[in-house]
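A.B. asks: Below: one structure in structure tokens.
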Number of protein chains: 2
Amino acid sequence: MDLAEAVLSGNRLALSRLLTQVENDTPEGRAALDALFPHTGRAHLVGVTGSPGTGKSSLVNQLARILRRSELAGRSIRRQDDSGALPRVAIVAVDPSSPFTGGALLGDRVRMRDLSGDPDVFIRSMASRGALGGLARSTAGVTQVLDAAGFDLILIETVGAGQAEVDIARLAHTTVVVEAPGMGDDIQAIKAGILEIADILVVNKADRPGVESTERALRAMLELAEPGRKTPGKPGWQIPVLRTIANNGEGAERLVEVVLSHARHLHETGGWQERELARMEDHLRRLIQVGLVERWQAHTPEERYTQALQSVLERRLSPFEAAARLIEGAG
Amino acid sequence: MDLAEAVLSGNRLALSRLLTQVENDTPEGRAALDALFPHTGRAHLVGVTGSPGTGKSSLVNQLARILRRSELAGRSIRRQDDSGALPRVAIVAVDPSSPFTGGALLGDRVRMRDLSGDPDVFIRSMASRGALGGLARSTAGVTQVLDAAGFDLILIETVGAGQAEVDIARLAHTTVVVEAPGMGDDIQAIKAGILEIADILVVNKADRPGVESTERALRAMLELAEPGRKTPGKPGWQIPVLRTIANNGEGAERLVEVVLSHARHLHETGGWQERELARMEDHLRRLIQVGLVERWQAHTPEERYTQALQSVLERRLSPFEAAARLIEGAG
């Protein structure tokens, strides 16, 4: 049985192995992604992003725990296959600023203690691989594998507030942006770009002083940003501002409800299809870009590249001129 | 007189105009960059990065002020042309998470008040343009123009702690990473990836409680990270941890001295050449990537692309298969 089949049959070890292949962008990983792709398209992807220190990881753990708690099973949290079972939950923790896995692994171990023993929860940490959209690309691959493996909700957690987070948020159907009191009060911390991608805003650590002013600042920014919304699937959705205390779980249940209600909203309004289109278009463009560079590299002798670079360093060629020559030369 | 010539002759209005052309990646902008490129290679680029709320902007303003203060002119802060004049300083404030210029412009106005009236200080704010390394590419172009225009020190300020910042830091000769007490204390906030790119660490807002523990955490991380340094030009340079209070200028003069001493270190050890090579290689790779995509787009009818995307959405083709077909089809 190959890796893709093993993953479809629920083999967790095979799943871990395949995710490593996908992260490393190996030929085996690509082949398995091809084989699994027809089985994707069912999972709901939830992006959770925010600055360091806002308590995102604890909040994501709380969400997973609540989604797997049976007393809520009577409500809307059900698997889509109408089996009546609780949804299967995967957590993908992405740390674009770390080229190491050390930090991520440490976080994993802390998480494992909380959620371990539940075969329908899967946790994966990813650190930066390569440059130029490499992380967004491999995160897309990882979520496809988890989707095909039958996880109903995939929580994608990203650290920071830069372009990488915006790119990764584009992968999600529902994006939750987390702030905390005392961090979000100055102009810089509340990023127009981050609000642009938010479907749900959360003020975590809501037991800390300053929660009112953070919330007020977020609401003010929302009113300012409203006219310019570009993200597909937004019409008709009022972005809520919720308070949570991830440490004791306060507000987390309400957040789960709002996430699920956003998922329903997307399905009812056609926003789901719009996001799928945007997601796939983004992914396809990245793959084309990578494919073009790979083909170019295969056709360009290292020596030609080195010579052109040397000419640039000596200011005999401008970077544009060097790039144009190298591209033409590759036929 | 064309834009490039006007910039070389010191015309500030032409400089502003050309920077806009470069940011928008127009044909005029590219032509002017080609013309100006032989005049580049003299400026020292200083990247200043850190999380929101660390007070980077105030610190950068202080650095510019000190560099332009005559009482320091007797020391090492001189123009490289031995004219005895103070160095000309440019500030490039990059905000990768903001697709708007609103916030950036507000910041500009605050800065202008402090530094206006000095013709040898130039301030430029940049917001995100396009995706996939677009910002790093246009920042490279902007610094090339400022370099050719005769600015000796270019301070590149970036917000956040993600891949975009790491990309932009690669543009700099000296990278200053700014932390603040109470933000850098948890594991998440002190990013291995950010330490990896740092030449100088600064704990700003050093009058706040917790400064000792932030400093201790940074030193501990430095010791851990030391074996794995990948950035070229590091050997022999002990990364210092400095304290500053940007609001009243405390420690800023010392920071200027350390920046200049790092610049000297790079020149003395050959680290400068290594960084120039890495910078140019990075820039050239980006331009090749963009050039390849542009050529592909010119050869691929929109309809072929739309059909392939539709097949992916219907799960009849995997994204890899679709990308491969679209690339092959373009010849």
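A.B. asks: Would you mind listing the distances between the A:E5 label point and the same position in each other copy? Use 7 Å along Cα-to-C-beta, nm, one decimal, shortest first.
C.D. replies: Copy-to-copy label distances for A:E5: 7.3 nm.
A.B. asks: Next question. How far apart are the B:E274 label points across copies, placing each 7 Å from Cα toward Cβ, in nm, shortest first?
C.D. replies: 5.1
A.B. asks: Mean shadow of segment B:275-331, computed from the convex hull of its alpha carbons, in nm²?
C.D. replies: Value for segment B:275-331: 4.7 nm².
A.B. asks: Name the residues whose placed amide hydrogens come within less than 5 Å of the amide hydrogen of B:E250, ignoring near sequence neighbours (fewer than 5 apart) on the same chain.
C.D. replies: B:I245
A.B. asks: Mind grabbing the accessible area of B:F320 for me, 1.4 Å probe, Å², rounded to tens?
C.D. replies: 40 Å²
A.B. asks: Still on this structure, I have one more. Beta carbons within 10 angstrom, averaged per residue: use that to sort the peptides A:211-221, B:199-209, highest first.
C.D. replies: Per-residue Cβ counts within 10 Å, averaged per peptide and sorted highest first, yield B:199-209, A:211-221.
A.B. asks: Follow-up. For peptide B:278-287, compute the average count of partner chain beta-carbon atoms within 10 Å of each residue's beta-carbon.
C.D. replies: The per-residue average across the peptide is 5.
A.B. asks: Let me test this: with uniform point scatterers at the alpha carbons of segment B:5-56, what is the Debye-based log₁₀ I(q)/I(0) at q = 0.18, 0.31 1/Å?
C.D. replies: Rounded to two decimals, the profile gives -0.72, -1.19.
A.B. asks: Interface size between chain A and chain B, please: total buried accessible area, 1.4 Å probe, rounded to the nearest 100 Å².
C.D. replies: Approximately 6800 Å² gets buried when A meets B.
A.B. asks: Taking each residue in B:299-307, count the Cβ atoms of any other chain within 10 Å of its Cβ, then average. What number comes out?
C.D. replies: Average per residue, whole number: 1.
The values are calculated or read from the model by the stated rules, or taken from the named source; none is laboratory data. Note that the structure is a prediction, hence the values are computed from the model and not measured. With ideal geometry, Cβ positions are generated from the backbone for all residues, glycine too; neighbour counts draw on all protein chains shown. Accessible surface areas use protein heavy atoms only, side chains included; no ligands, DNA or RNA. Shrake-Rupley method; radii C 1.70, N 1.55, O 1.52, S 1.80 Å.
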